[in-house]
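Note sheet for the following structure.
The values are calculated or read from the model by the stated rules, or taken from the named source; none is laboratory data. Bear in mind the structure is a predicted one, so any value in this text is a computation, not a measurement. Quick reminder, even Gly has a Cβ in these numbers, built from the backbone with ideal geometry, and neighbours come from all protein chains shown. The protein model used for the area step is the full one, side chains on, heavy atoms only, and it has no ligands, DNA or RNA in it. Shrake-Rupley method; radii C 1.70, N 1.55, O 1.52, S 1.80 Å.
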Amino acid sequence: MTGPFAWFKWQALFRDWHIFAEGFGNTLLASVLALALALALGIIFGVLGSTHQKVFKLFSRIYVEIIQNTPLVIQVFFLYNGLPHLGVMLPVLSVGVFGVGIYHGAYIAEVVRAGIQSIHRGQMEAALSQGFSFWGAMRHVILPQAARVVLPPLTNQAVSLIKNTSVLAMIAGGDLMYHADSWSAENIYYGPAYVTVGVLYLILCFPLAQFARYLERKTEVSA
Amino acid sequence: MIQLEGVHKHFGQLHVLKGINLNVNTGEKMVVIGPSGSGKSTLIRCMNLLEKPSSGKVIVDGVEITAPKAPVAKVRQSVAMVFQQFNLYPHKTVLENLTLAPILIKGVSKAEAEESGMAFLDRVGLKAKANVYPSQLSGGQQQRVAIARALNMKPRIMLFDEPTSALDPEMIQEVLDVMVDLAHEGITMVVVTHEMGFARQVADRVVFMDEGQILEQGTPAHFFSNPSHERTKLFLSKILR
Ligand SMILES: Nc1ncnc2c1ncn2[C@@H]1O[C@H](COP(=O)(O)OP(=O)(O)OP(=O)(O)O)[C@@H](O)[C@H]1O
Ligand SMILES: [Mg+2]
């Protein structure tokens, strides 16, 4: 019996488990780093987008629109092929981190902007009137309040981000998807390979998605 | 203490302040009255630059805060404001509301900020509420906390923009009592209010605004017995009814 899920193919996969483990580790690492970058960009551009300064708003708009309206794959290829021309040589994994981080940063910026705009303007005025700087007021007064509104959609962004790190496979990034791909390209045991990575992504994403739903319910109740 | 010189404010086409000249003296209690939309809020918000004048100068404690690169945030530390909508920080407890800015902005130690914070809470009668969140308080209590928050910055000037207008009638007095108490302390106060009893009781000067201009000013005695302008009379007759 030599179906796509034949037992000996699974045995081969278990024998090479460390390949998948390495991929899983890299995916995890890329996800964490990309998420940190995306959060930083998202907060900066989200805040800029919420100000009343035309230049800042425009700046934020340009970033968000360009990133949201072009495919992630193109952005990653652009970084992968373009950066060396600028004399920037980065390890592939970090190309993925930058690509995915910048991509999700644009979505998070929109989430953060909406969150900030949901906070009554009297809050900013109170903080400014006490002598806070704009960024100080953001950090200590506005963002902590916006965080409660923003946390559920943010968690959903984290889920998409983890899944999207799989674009790394297209530039030989050493992530989970890449290892599954190259392992099964050699021995054509695609069945077990793809089921396994699917399950591994599920293990990462499902709890997060559940957490997002829990947060959504909680903010609904308290609202 | 606060000087406004030829202050104009436009909101787009709307000319809201039309050349205001005004001096608030040290220790003075000034009450600003006037019909809705006359520019009272805009005027008081120009005093701490929450509203930036379109032209003219605002000088606070000798510092021209309308000048480019003026240390506005620094000046604001000594000019506290109490808002109509309280604007307490809902994610902080009552005591944290009082200590946040002193600790972060003025660099006061936590212990010190809490100690003085508790003293001010005691003074507004809300010591027992130090550890609850603002949403658990009534409007009158929230406004008293807002006043305590302002006081904990140890300001030299207090600005009040209709502090009792958002309150249910039965809560107005508890807030006014706190303000009267403050007024007897010598701190400089500018109060926009429709509470004529308060004006009569504590004001050194009443300023009547109409259509973006100061139409008339004087002592409460002058104001309430023989105002000189027809429009002032009309306004007072409506409000004192
Ligand atoms: N941010 C703003 N943008 C546009 N117009 C504004 C703004 N703030 C105030 N105005 C307008 O300026 C005018 C004066 O407003 P202001 O709030 O100073 O009046 P006020 O005397 O405080 O009135 P009230 O007694 O109703 O509080 C009003 O017509 C108001 O609609
Ligand atoms: Mg007003």
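Of all residues in the range B:103-114, none are free of Cβ contacts under 8 Å to residues at least 24 places away in the same chain, within 17 Å of B:GLU174 (Cβ to Cβ) and either more than 18 Å from the chain's Cα centre (by Cα) or not in a loop (DSSP other than H, G, I, E, B) (or both).
Here is a yes/no grid of residues against (1) open to solvent by less than 50 Å² (accessible area, probe 1.4 Å); (2) part of a helix (DSSP H, G or I); (3) out of contact with any Gly (no Cβ under 9 Å at 6 or more places or on another chain); (4) of a type in the set (Ser, Thr, Tyr):
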{"site": "A:LEU48", "(1), (2), (3), (4)": "yes, yes, yes, no"}
{"site": "A:HIS52", "(1), (2), (3), (4)": "no, no, yes, no"}
{"site": "A:LYS57", "(1), (2), (3), (4)": "no, yes, no, no"}
{"site": "A:ARG61", "(1), (2), (3), (4)": "no, yes, no, no"}
{"site": "A:VAL64", "(1), (2), (3), (4)": "yes, yes, no, no"}
{"site": "A:ILE67", "(1), (2), (3), (4)": "yes, yes, no, no"}
{"site": "A:VAL76", "(1), (2), (3), (4)": "yes, yes, no, no"}
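The set of residues from the range B:149-187 being away from ligand 2 (no atom under 16 Å from the Cβ) and at positive phi comprises B:LYS154, B:GLY186.
The set of residues in the range B:180-201 that are within 16 Å of ligand 1 (Cβ to nearest atom), more than 14 Å from chain A (Cβ to nearest Cβ) and either within 25 Å of B:VAL60 (Cβ to Cβ) or open to solvent by 20 Å² or more (accessible area, probe 1.4 Å) (or both) comprises B:VAL191, B:VAL192, B:THR193, B:HIS194, B:GLU195, B:PHE198, B:ALA199. Looking only at residues of the range B:164-176 that are within 16 Å of ligand 1 (Cβ to nearest atom) and among the polar types (S, T, N, Q), we find that the one that is nearest to the chain's Cα centre (by Cα) is B:THR164. Only helices (runs of 4 or more DSSP H) whose full extent lies in the range A:138-223 are considered here, and the ones with at least 2 residues that are surrounded by fewer than 19 Cβ atoms within 10 Å (Cβ to Cβ) and within 14 Å of chain B (Cβ to nearest Cβ) are A:143-164, A:190-222.
The residues of the range B:149-163 that are surrounded by 24 or more Cβ atoms within 10 Å (Cβ to Cβ) and either more than 13 Å from chain A (Cβ to nearest Cβ) or within 16 Å of ligand 1 (Cβ to nearest atom) (or both), listed by number, are B:LEU159, B:PHE160, B:PRO163. Taking the listed residues B:ASP168, B:ASP177, B:ASP204, B:ASP122, the one that is away from chain A (no Cβ under 13 Å), touching a strand residue (DSSP E or B) at 6+ places or on another chain (Cβ under 6 Å), of a type outside the set (Lys, Arg) and open to solvent by 60 Å² or more (accessible area, probe 1.4 Å) is B:ASP204, with no other qualifying. If you go through the range B:125-135 and pick out every residue that is assigned to a helix (DSSP H, G or I) and open to solvent by less than 60 Å² (accessible area, probe 1.4 Å), you end up with 1.
Tell me, yes or no, whether the range B:219-230 has at least one residue that is over 30 Å from B:SER78 (Cβ atoms) and within 14 Å of ligand 1 (Cβ to nearest atom). No, that holds for no residue. In the set (1) within 14 Å of another protein chain (Cβ to nearest Cβ); (2) under 24 Å from A:ALA158 (Cβ atoms), the condition left unmet by A:ARG113 is number (1).
Within the range B:128-148, restricting attention to residues that are of a type in the set (Ser, Thr, Tyr) and within 13 Å of chain A (Cβ to nearest Cβ), which residue is farthest from ligand 2 (Cβ to nearest atom)?
B:TYR133
Close contacts from the range B:47-62, counting a first residue that is away from chain A (no Cβ under 11 Å) and a second that is open to solvent by less than 20 Å² (accessible area, probe 1.4 Å) and part of a loop (DSSP other than H, G, I, E, B), with Cβ to Cβ under 9 Å and a gap of 6+ residues or different chains, come to B:LYS57/B:ILE65; B:VAL58/B:MET47; B:VAL58/B:ASN48; B:VAL58/B:ILE65; B:ILE59/B:ILE65; B:VAL60/B:MET47; B:VAL60/B:ASN48. Note on the range B:33-66: residues that are away from ligand 2 (no atom under 16 Å from the Cβ) and open to solvent by less than 30 Å² (accessible area, probe 1.4 Å) amount to 7.
Just so you know, in the range B:97-112 the residues that are open to solvent by less than 20 Å² (accessible area, probe 1.4 Å) and more than 8 Å from chain A (Cβ to nearest Cβ) include one that is nearest to A:PHE132 (Cα to Cα), and it is B:PRO102.
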